[in-house]
Amino acid sequence: LNRADLLLIGGIAVAVLSLLCGFVFDRIGRRIMPYKYDAPDVLSAFSGPSKAHWFGTDDLGRDIFSRIIYGARYSLSLGLLACGFSAIIGVIFGSIAGFFGGKTDMIIMRIMDVLGAIPSTLLAVCIAATLGTGYVNCIFALGVSGVPAFARLMRASLLNVSNLEYVEAAKSINCSNPRIILKYAI
């Protein structure tokens, strides 16, 4: 298999898993996931794949397929929300730095350099240790490490756009800075 085929297979697997996770609490989900993720059945511990248990069972007899679907809900939502958080905050800081320039740009980008210099896993662990456990704290901890990349991309695109004629025309008719950034520059 070449790389394109592997990417296609991986994409299909993620799409199917995403659909299954979306149906977990629906009527279809109850048919797909017939066992509770935490329901032990000691008599069928360590059983292999079968019609009853598609992926087999673990050491306590819990259905592995049900546990994968239940766990994937949190993994997929955590990843999407952390990436969304990174994108939103990075776009805000990058657009401010790129549009205003000068000292504002230097301060924001030096903060982004410091955040980018720390390994993302270490940064996430430190933030999680500071804030404590929880779903929202985990999203924040994972999201902060992605902010510098989005900020750099946004800053670079705004530096190119901020001196074009239509942005200068918007400045000349006294458009507010947030309006220029949101409507003309981005």
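The values are calculated or read from the model by the stated rules, or taken from the named source; none is laboratory data. Because the structure is predicted, anything quoted here is derived from the model rather than measured. Please note: Cβ atoms are built from the backbone with ideal geometry, for glycine as well, and neighbour counts cover all protein chains shown. The area values use the complete protein model at the heavy-atom level, side chains included, leaving out ligands, DNA and RNA. Shrake-Rupley method; radii C 1.70, N 1.55, O 1.52, S 1.80 Å.
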Subject >> Given (1) loosely packed, with under 13 Cβ neighbours inside 10 Å; (2) closer than 30 Å to TYR37 by Cα, number of the condition SER172 does not satisfy >> reply: (2)
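In this structure, is ARG73 in a helix (DSSP H, G or I), farther than 30 Å from PRO40 by Cβ and open to solvent by 20 Å² or more (accessible area, probe 1.4 Å)? Break it down stepwise before answering.
Details: in a helix (DSSP H, G or I): yes; farther than 30 Å from PRO40 by Cβ: no; open to solvent by 20 Å² or more (accessible area, probe 1.4 Å): yes.
Criteria not met by ARG73.
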Original post:
Pairs, please: C-beta under 8 Å, at least 6 apart or cross-chain, first residue without any contact (Cβ under 8 Å) to a residue 60 or more places away in the chain and in region 164-183, second open to solvent by 90 Å² or more (accessible area, probe 1.4 Å)?
Top reply: ALA170/ARG179; ALA170/LYS183; CYS175/LYS183
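Would you say GLY48 is within 30 Å of LYS183 (Cβ to Cβ), without any contact (Cβ under 8 Å) to a residue 24 or more places away in the chain and loosely packed, with under 14 Cβ neighbours inside 10 Å?
Working: within 30 Å of LYS183 (Cβ to Cβ): no; without any contact (Cβ under 8 Å) to a residue 24 or more places away in the chain: yes; loosely packed, with under 14 Cβ neighbours inside 10 Å: yes.
No: the conditions fail for GLY48.
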Original post:
Within the set of pairs 6 or more residues apart or between chains, which connect a residue that is touching a residue at least 60 places away in the same chain (Cβ under 8 Å) inside region 137-155 to a residue that is part of a helix (DSSP H, G or I) and of a type in the set (S, T, N, Q) with Cβ atoms less than 6 Å apart?
Top reply: GLY143/SER86; GLY146/SER86; VAL147/SER86; PHE150/SER86; MET154/SER95
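Within region 95-102, can one find any residue that is more than 30 Å from LEU164 (Cβ to Cβ) and open to solvent by less than 60 Å² (accessible area, probe 1.4 Å)?
Let us first name the residues in region 95-102 that are more than 30 Å from LEU164 (Cβ to Cβ), namely none.
No, region 95-102 contains no residue that is more than 30 Å from LEU164 (Cβ to Cβ) and open to solvent by less than 60 Å² (accessible area, probe 1.4 Å).
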Original post:
Can you pull out the residues in region 1-28 that are modelled with pLDDT under 85 and either of a type in the set (Ser, Thr, Tyr) or over 24 Å from the mean Cα position of the chain (by Cα) (or both)?
Top reply: LEU1, SER18, ASP26, ARG27, ILE28
Original post:
Are any residues in region 113-157 open to solvent by 50 Å² or more (accessible area, probe 1.4 Å), within 28 Å of ALA185 (Cα to Cα) and of a type in the set (Val, Ile, Thr), and if so, which ones?
Top reply: VAL114
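Can you find a residue that is among the aromatic types (Phe, Trp, Tyr) and either more than 18 Å from the chain's Cα centre (by Cα) or modelled with pLDDT of 95 or more (or both) anywhere in region 123-138? First the steps, then the outcome.
Of the residues in region 123-138, the ones among the aromatic types (Phe, Trp, Tyr) are 135.
From what is left, the residues that are either more than 18 Å from the chain's Cα centre (by Cα) or modelled with pLDDT of 95 or more (or both) are none.
No, because not a single residue in region 123-138 is among the aromatic types (Phe, Trp, Tyr) and either more than 18 Å from the chain's Cα centre (by Cα) or modelled with pLDDT of 95 or more (or both).
With the structure loaded, tell me whether ASP59 is among the charged types (D, E, K, R), out of contact with any Cys (no Cβ under 8 Å at 6 or more places or on another chain) and outside any loop (DSSP other than H, G, I, E, B) or whether it fails that test. Before the answer, list the steps.
Values: among the charged types (D, E, K, R): yes; out of contact with any Cys (no Cβ under 8 Å at 6 or more places or on another chain): yes; outside any loop (DSSP other than H, G, I, E, B): no.
When the stated conditions are applied, ASP59 does not pass them.
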Original post:
Which one is nearest to PHE99 (Cα to Cα) among residues in region 159-186 that are more than 28 Å from the chain's Cα centre (by Cα) and assigned to a loop (DSSP other than H, G, I, E, B)?
Top reply: SER162
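So, ASP105, is that one in a helix (DSSP H, G or I), of a type in the set (D, E, K, R) and surrounded by 13 or more Cβ atoms within 10 Å (Cβ to Cβ) or not?
Working: in a helix (DSSP H, G or I): yes; of a type in the set (D, E, K, R): yes; surrounded by 13 or more Cβ atoms within 10 Å (Cβ to Cβ): yes.
For ASP105, the condition - in a helix (DSSP H, G or I), of a type in the set (D, E, K, R) and surrounded by 13 or more Cβ atoms within 10 Å (Cβ to Cβ) - is met.
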